[in-house]
Amino acid sequence: MTPYADLSYFIIILCIVCPMMIAGSRGLAGWRWTALATVGMVVVQYTTPLQIVPGFFVWELAALVFFGVYLFALTALALKKIIPRKSALLIPLGLLPLVVAKYFPLGLPDFHFGFAGISFVTFRALDVLWMVSDGVLVEVGLLDFMVFLFFFPAISSGPVDRFRRFQKEWRAPRSAEKFWDDIDAGVHLIFRGLLYKFVIATLLERQLVHHVQKTAGIIGAIEYAYAWSAYLFFDFAGYSAFAIGVGRWFGINCPENFNKPFAARNIRDFWNRWHMSLSFWFRDHIYTRFLLTAVKGKWFKKRETPANLGYFVSFGLMGLWHGLTWYYIIYGIYHALLFNIFDAFTRWKKRNPSRLASPHWKWAAHFLTINCVIFGFWLFSGHGVLSEAEAAKLRVHPAAHEDLLPGEKFGEK
């Protein structure tokens, strides 16, 4: 069952939430409700059979359980120092199931051992492993770990949460007043999601995307880029609103993903507004760690070099994570180049503060930024490369493909 894709999914959620309201009105809708709801919804969602090898099938749920047990065991071994916390193998071992699920089928087309949302679950698991490696976490309970990993409103496409924040929040008692505040906030978010995903995104998909795909040449490509970018935002923002809204019903304030991204003034500002939960994760765990390691190790003579290469490391990994297809890799390199150009421009502007001070330049910068972003989305879409069947498959749930879009606040100094 695809989350938030049809009415039946919302009916199932309401069947859980309605009786919870009785407990919530008495201040009793605490962490036990969240744990039980997560277990129930995971069982409902993951019923697809997976062909591990020809002739051998398991339920998708089995892959999910194996994944969780494996990662908890890895975390426990690191906490007990059986695997050294600073071991160079810890993070690669955490990535191993995702690598197997995503890349083994490239060489073994009949092999499948993954589940919807494995990328986002991996993000959460790696956050725990990095916190253990840094010595920030000294204890991780099995229930806390599993509910954090598989929290059902956000399991398939985020937002990406952090373990310490989640653990503190889901264990906190909720008064009746706080419960009804959460219900009210969740309703508002879910209605926003209905507007974005099932009204605006649907109209864009039906009236624009299908139409402009039939228009050839440069004009067709431009029309497609604008239409698909708008559709991508409203579909993914609608999904995020659903996830955050349902999360609020269960007492979890999932992090926001969007903050008026197309009002950005420059490329860095855009990524400060787009898919923010994932962006902060990449900023903290990839870009910043690379930057600090390079600076401490004195790898480069020029002070700008670590930051410049850090963009290519971060965005390059994102491109590879989408897949080994060339346009995903080009997409990552493209955004790394944009950040390097913007950094060079920022340094030049500091040396020449009197130039480009006119308000007209601000409008020009905004126009250039948005068009550079839309061109990047066009690259990411594979337009002109994908067949119509492949493009239609991508549009079924673009949020599931957005799990790798590069993130916010890269290179903030």
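Some points to look at:
- Stretching the chain fully between I333 and Y226 yields a gain of 36.4 nm (0.36 nm per residue, less the alpha carbon separation).
- The residue among I22, I82, G319 whose Cα reaches farthest toward the positive pole of the charge dipole of the chain, with charges on the beta-carbon of Lys, Arg, Asp and Glu, is I82.
- If the segment from R165 to W59 were pulled out straight at 0.36 nm per residue, it would be longer than the present Cα-Cα gap by 35.0 nm.
- For L50, distant residues with modelled amide H under 5 Å away: V58, W59, E60
- Spread of Cα-to-Cα distances over 10 Å intervals beginning at zero, given as percent, for segment 61-159: 16, 48, 30, 7, 0
- For the chain, the fraction of alpha-carbon pairs in successive 20 Å shells from zero, as %: 24, 57, 18, 0
- Note on A73 and D6: the extension gain reaches 20.5 nm, defined as 0.36 nm multiplied by sequence separation minus the Cα-Cα distance.
- Of the three principal axes defined by the Cα atoms of segment 1-68, the extents in descending order read 52, 27, 12 Å.
- Over the chain, DSSP H runs of length four or greater, each weighted -39,500 (n - 2.57), average out per residue to a 222 nm ellipticity of -20500 deg cm²/dmol.
- Residues of the chain: accessible area per residue with a 1.4 Å probe, Å²: 48 Å²
- Placing a label point 7 Å from the Cα of D284 along the Cα-to-Cβ line, the residues of segment 101-143 whose backbone N sits under 18 Å from it are 120-141.
- Rounded to whole numbers, the Karplus 3J(HN,Hα) couplings from phi for segment 88-101 are 5, 8, 4, 5, x, 5, x, 7, 3, x, 5, 4, 4, 5 Hz, using 6.51 cos²θ - 1.76 cosθ + 1.60 with θ = phi - 60°, and x at Gly and Pro.
- Contact order normalised by residue count of the chain, Cα under 8 Å, 6+ apart, percent: 17 percent
- Kirkwood hydrodynamic radius of segment 243-295, Cα pairs, Å: 12.7 Å
- With N counted as the residues of segment 127-166, its alpha-carbon radius of gyration over 2.2 N^0.38 Å works out to 1.17.
- Rounded to the nearest Hz, the phi-derived 3J(HN,Hα) couplings of segment 13-25 under the Karplus curve 6.51 cos²θ - 1.76 cosθ + 1.60 (θ = phi - 60°) are 4, 5, 5, 8, 6, 4, x, 5, 5, 5, 5, x, 5, where x marks glycine and proline.
The values are calculated or read from the model by the stated rules, or taken from the named source; none is laboratory data. All values reported here derive from a predicted model rather than from experimental measurement. Using ideal geometry, Cβ is built from the backbone for each residue, glycine included, and neighbour counts are taken over all protein chains shown. The accessibility values were calculated without ligands, DNA or RNA, using every heavy atom of the protein model including side chains. Shrake-Rupley method; radii C 1.70, N 1.55, O 1.52, S 1.80 Å.
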